[in-house]
Structures are given as C-alpha cells and as structure tokens.
Amino acid sequence: MRRIKSILANHGKFLQFVAMLLALLAILLTFLFPVDEKGLLATGYFGVFIVTLLSAVSLLPGPSAVATFIAGGTLNPLLVSIIAGAGSSIGETTGYLAGYGSHGVIDNLGTGPDWLKKSAFYKTFVANVVKWMSQSPFITIFLIAAIPNFFVDVAGIIAGRAKYSFIKFFIAMLLGKIVRFAMGAYLGAWFIQR
C-alpha cells in the first residue's frame with residue numbers, strides 16, 4: 001500500500017494523463033473498428049459481454065439494450081443481466097478514467113466557457129449531478145446507471161474528476177447496470193418465450 005501511495009505521489013500527474021489518454025484511445029478504437037453485434041450475440045454470454053462493453057466505451061448509444069433483450073429471451077436472464085452489467089461497467093470506466101486523468105490537464109472543475117455554464121443542459125443536469133455526487137456519490141452513480149439514459153458518461157467523468165474511490169464507483173456502476181439490464185433481459189424472456 002505504501003508503494004502505491006509513493007508511486008502516486010511521485011508520478012500522479014503523469015499517471016492521470018496516461019489514464020485520460022487510454023480512455024480516449026479506447027473510445028477512438030470503437031469508432032475505427034466497428035463490430036458485428038448480431039454475430040457476437042450468436043456466441044452467447046461472451047457476445048453479450050462484448051456488445052455491452054463496446055457500447056459503454058463508445059460515446060454514441062450502442063445496441064446493449066436490444067442485445068440484452070434478445071439474449072434474455074434465449075439465455076438465462078439472470079446471467080445475462082450480470083454479464084451485461086459487468087461488461088457495461090468495465091466499459092464505463094473510460095469516463096471515470098477520463099475524469100480522473102483530466103487533473104493532469106485541467107486545474108479546476110468549474111472552468112469552462114461561459115456559454116456552457118449558462119446552457120440549460122449544464123444548469124439542469126451537470127450542476128445537479130455535481131451536487132448529488134458531493135452529497136451521496138454511491139447512490140447517484142447507482143441511480144444514473146440503473147436508469148437507461150445517455151448521461152452515464154457525465155457521471156463517470158465527474159466521479160473521476162472528484163477522485164471518488166474507483167472501487168466504490170465500479171461497484172455502484174455494476175449494481176446499477178445489473179438492475180438496468182435485468183429489466184431488459186426479463187422483458188425479453190417474457191416476450192420471446194411466450
């Protein structure tokens with residue numbers, strides 16, 4: 001433990017910068033090498049894992065909800081939920097790493113163009129998530145992950161930026177994603193098996 005703290009103290013800014021670069025590289029790779037989701041789903045649980053992982057890494061919405069719906073109808077919906085939640089949670093770490101790595105590049109979370117701070121998006125969502133993250137970060141991450149929305153990346157960036165514990169972030173994200181994908185997998189099981 002002391003060795004890790006020593007490395008972070010001596011190379012913290014560099015490691016943060018590397019984390020941000022790795023997150024950006026992972027996002028870029030999902031655009032450069034598209035994946036055949038239907039082919040991956042044919043591989044069963046592994047395909048569900050890869051589809052949800054790649055969907056979470058990408059900034060654009062992916063087919064993870066459809067994949068879990070279809071897989072839930074043909075495979076065990078509980079296992080589909082857990083595997084999809086794990087894949088998606090691992091993919092969402094790119095947002096956390098980008099936020100954590102931004103410390104090496106950006107000095108203050110409040111910095112940014114005035115037009116962004118005045119925008120309705122910032123006032124209604126980003127400012128609230130920052131407030132909620134300061135009051136109850138675990139619950140905030142869990143709820144944002146459990147409810148299908150496009151703002152999970154923002155929560156991950158804010159958590160990383162705030163240097164919220166990675167383990168707590170990952171557990172909250174995993175539990176929320178399992179709940180989210182359980183809804184789709186069990187609906188798929190209900191509709192497809194009828």
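The numbers here are math on the coordinates, done by the rules we state, and not lab data. Every value quoted in this text rests on a predicted model; they were computed, and no experiment measured them. We place every Cβ from the backbone using ideal geometry, glycine too, and count neighbours over all the protein chains shown.
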Run the quick spin-label model on Ala120 and Leu79: label points 7 Å from Cα toward the beta carbon, then report their separation in nm to one decimal.
4.6 nm
Taking the simple approach of a point 7 Å from Cα along Cα-to-Cβ for both Val66 and Gln193, what is their distance in nm?
2.4 nm
Between Ile147 and Ala162, what is 0.36 nm times their sequence separation minus the Cα-Cα distance? Round to one decimal in nm.
3.2 nm
Order the peptides 168-181, 125-138 from the highest to the lowest mean number of other Cβ atoms within 10 Å of their residues.
168-181, 125-138
